Amino acid sequence: MNEYEELLKWYPQLILISENPVTLHGLLNINNNYQIEMKLKVPKYPSLKHATVHFGKKISLMYGTEFSVKINDLLRSTNSIMSFLNQLQKLMETIIKEKHVDTIVDADWFDNYNLEELKSVLLIPDVNIYASSGLEIIKLTYKDISIKLKQTKSYNNPWIIVSSDLPEQRTLPALETCISTLTEAAEALKTRVDSLENIWIDLRDIDNNCWVIDPVKPKPSHLYRRIYINPALSLLITPDPSSSERLQEIKVLGSDNEVAKCQNTITENLENWSGDRSIIENLLDLLDIDELPRPPDENRPVQPNDGIVDDHECCICFSMESDSGETPSEVCNNEKCQRYFHSSCLLQWLQVVAGNQIFFDRIHGFCPNCNTNISCAIVSN
């Protein structure tokens with residue numbers, strides 16, 4: 001059937017289930033919000049003589065004899081399957097407008113359709129499936145990483161992602177654009193998990209051997225770690241998903257003096273980075289230290305004279321994460337203060353004070369806590 005390739009392009013949810021007689025069965029898209037179940041049998045293909053068409057129960061009950069007469073008239077007046085389907089779409093659009101129909105999707109078809117999709121996913125090795133009783137919510141899990149999808153009964157977006165353990169990756173298209181079927185969703189999950197496995201190993205190594213101050217409770221979707229070095233210095237480490245052996249992206253955060261010294265040390269030791277060693281071993285060499293700070297023992301009682309303040313919340317808004325997801329990255333240079341600020345909070349604070357000066361894209365003023373000199377980069381909108 002040469003015409004079928006063209007049919008598949010324009011009507012992708014109509015399946016050729018038999019070539020003798022030619023029979024199409026599936027969903028016909030009416031517009032972006034409506035589909036109807038139909039089975040078209042054409043015994044004298046390509047002629048539509050003696051062709052018959054059957055619709056789902058919902059359509060038959062809704063429109064009755066008058067609708068059947070119009071369909072038979074269409075079969076007699078058109079000379080090809082493509083022409084008939086095109087005219088049928090126009091007829092259904094007119095009926096929808098006249099009768100103000102909210103939805104005309106036959107639920108029985110979708111239940112069967114979901115079951116067939118689930119059978120295909122079950123053939124994919126190591127992917128586990130969990131489904132709600134009505135098959136409206138499907139959870140796919142691979143190596144303890146999950147995505148949860150919801151059926152929309154929409155032609156363009158039959159499935160949407162409700163939740164996902166997978167991180168967004170700049171080098172890959174959004175997962176939502178890769179999941180027109182459950183099988184595609186399962187394959188995408190498996191491919192992306194396998195590609196991130198070495199990165200997650202590195203991140204777990206950091207979690208076990210460093211003082212991680214952001215994220216507070218790491219999840220698989222967090223592809224970064226901010227680790228504590230001293231009260232005025234921290235490192236934001238973002239592993240490269242394309243290769244765990246490459247030098248990772250490391251951003252130095254803290255007071256100007258501490259940042260400058262740390263950046264000089266890292267620059268001097270860059271050549272020591274080796275893909276054959278663990279990320280912790282590489283960090284020790286980069287920083288030229290014997291060990292990385294570990295988080296304080298939660299069971300140890302706090303002493304009155306403890307010098308280290310382990311509260312890294314913003315000193316202006318008193319939260320760790322801003323509305324935009326930013327963590328505090330600006331630190332006061334005063335060693336007796338060394339309070340943390342979101343760059344956005346500090347910028348706003350400095351901008352409202354009259355007389356603060358701007359030099360080389362930085363605004364200069366006074367620390368909200370200790371009143372010593374402090375500056376912040378001006379981010380253009």
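Output the qualifying pairs, or none if there are none: Cβ atoms under 9 angstrom, residues six or more apart or on different chains, first residue in the range 361-376 and free of Cβ contacts under 8 Å to residues at least 40 places away in the same chain, second residue of a type in the set (Ser, Thr, Tyr) and part of a strand (DSSP E or B).
These pairs meet every condition: Arg362/Ser375; Ile363/Ser375; His364/Ser375; Gly365/Ser375.
Is it the case, given these coordinates, that Pro231 is more than 27 Å from Ser164 (Cα to Cα), in contact with a Phe, Trp or Tyr (Cβ under 6 Å, 6 or more places away or on another chain) and at pLDDT below 90?
On the way: more than 27 Å from Ser164 (Cα to Cα): yes; in contact with a Phe, Trp or Tyr (Cβ under 6 Å, 6 or more places away or on another chain): no; at pLDDT below 90: yes.
When the stated conditions are applied, Pro231 does not pass them.
Looking at the range 204-227, which of its residues are over 27 Å from Ile129 (Cβ atoms), in contact with a strand residue (DSSP E or B) (Cβ under 9 Å, 6 or more places away or on another chain) and either hydroxyl-bearing (Ser, Thr, Tyr) or assigned to a helix (DSSP H, G or I) (or both)?
Correct list: Ile206, Asp207, Tyr224.
Take the range 135-153 and flag every residue that is at pLDDT 85 or above and either exposed (fewer than 15 other Cβ atoms within 10 Å of the Cβ) or at positive phi (or both).
Lys143, Asp144, Lys150
Filter the range 329-381 for residues that are over 18 Å from Ser319 (Cβ atoms) and of a type in the set (Phe, Trp, Tyr); which is nearest to the chain's Cα centre (by Cα)?
Filtering the range 329-381 for residues that are over 18 Å from Ser319 (Cβ atoms) and of a type in the set (Phe, Trp, Tyr), the one nearest to the chain's Cα centre (by Cα) comes out as Phe360.
Checking the structure you have, find out if any residue of the range 3-15 is surrounded by 12 or more Cβ atoms within 10 Å (Cβ to Cβ), of a type in the set (S, T, N, Q) and at pLDDT below 85.
Looking for residues that are surrounded by 12 or more Cβ atoms within 10 Å (Cβ to Cβ), of a type in the set (S, T, N, Q) and at pLDDT below 85, one finds at least one in the range 3-15, hence yes.
Which condition number does Pro173 fail, the rest of (1) modelled with pLDDT of 85 or more; (2) assigned to a loop (DSSP other than H, G, I, E, B) being met?
Among (1) modelled with pLDDT of 85 or more; (2) assigned to a loop (DSSP other than H, G, I, E, B), Pro173 violates only (1).
Quick check on my filter: what residues within the range 18-40 are within 19 Å of Leu75 (Cβ to Cβ) and not charged (D, E, K, R)?
Step one: filter the range 18-40 for residues within 19 Å of Leu75 (Cβ to Cβ), giving 18, 21-26, 28, 30, 36-40.
Residues satisfying the conditions are Ser18, Pro21, Val22, Thr23, Leu24, His25, Gly26, Leu28, Ile30, Ile36, Met38, Leu40.
Return the residues of the range 195-243 that are more than 23 Å from Arg277 (Cβ to Cβ) and within 22 Å of the chain's Cα centre (by Cα); say none if nothing qualifies.
Asp214, Pro215, Val216, Lys217, Lys219, Pro220, Ser221, His222, listed by residue number.
If the Cβ limit is 8 Å and pairs must be 6+ apart or interchain, which residue in the range 122-134 that is closer than 13 Å to Glu187 by Cβ pairs with which residue that is modelled with pLDDT under 80 and in a loop (DSSP other than H, G, I, E, B)?
Correct list of pairs: empty, since none qualify.
For the range 340-363, enumerate the residues that are surrounded by 14 or more Cβ atoms within 10 Å (Cβ to Cβ), outside any helix (DSSP H, G or I) and at pLDDT 80 or above.
Those that are surrounded by 14 or more Cβ atoms within 10 Å (Cβ to Cβ), outside any helix (DSSP H, G or I) and at pLDDT 80 or above: Tyr340, Phe341, His342, Ile363.
Within the range 185-219, take every residue that is of a type in the set (Lys, Arg), in contact (Cβ under 8 Å) with a residue 24 or more places away in the chain and surrounded by fewer than 19 Cβ atoms within 10 Å (Cβ to Cβ) and give me the one that is farthest from Leu235 (Cα to Cα). Let's see the steps before the verdict.
Filtering the range 185-219 for residues of a type in the set (Lys, Arg) gives 190, 192, 204, 217, 219.
Right, trim to in contact (Cβ under 8 Å) with a residue 24 or more places away in the chain and you get 190, 192, 219.
Add one more test, that the residue is surrounded by fewer than 19 Cβ atoms within 10 Å (Cβ to Cβ), and what stays is 190, 219.
Values: Lys190: 31, Lys219: 19 Å.
Among those that are of a type in the set (Lys, Arg), in contact (Cβ under 8 Å) with a residue 24 or more places away in the chain and surrounded by fewer than 19 Cβ atoms within 10 Å (Cβ to Cβ), it is Lys190.
The values are calculated or read from the model by the stated rules, or taken from the named source; none is laboratory data. This structure is a prediction, so every number in the text was calculated from the model and none was measured. Backbone-built Cβ (ideal geometry, glycine too); neighbour counts: all protein chains shown.
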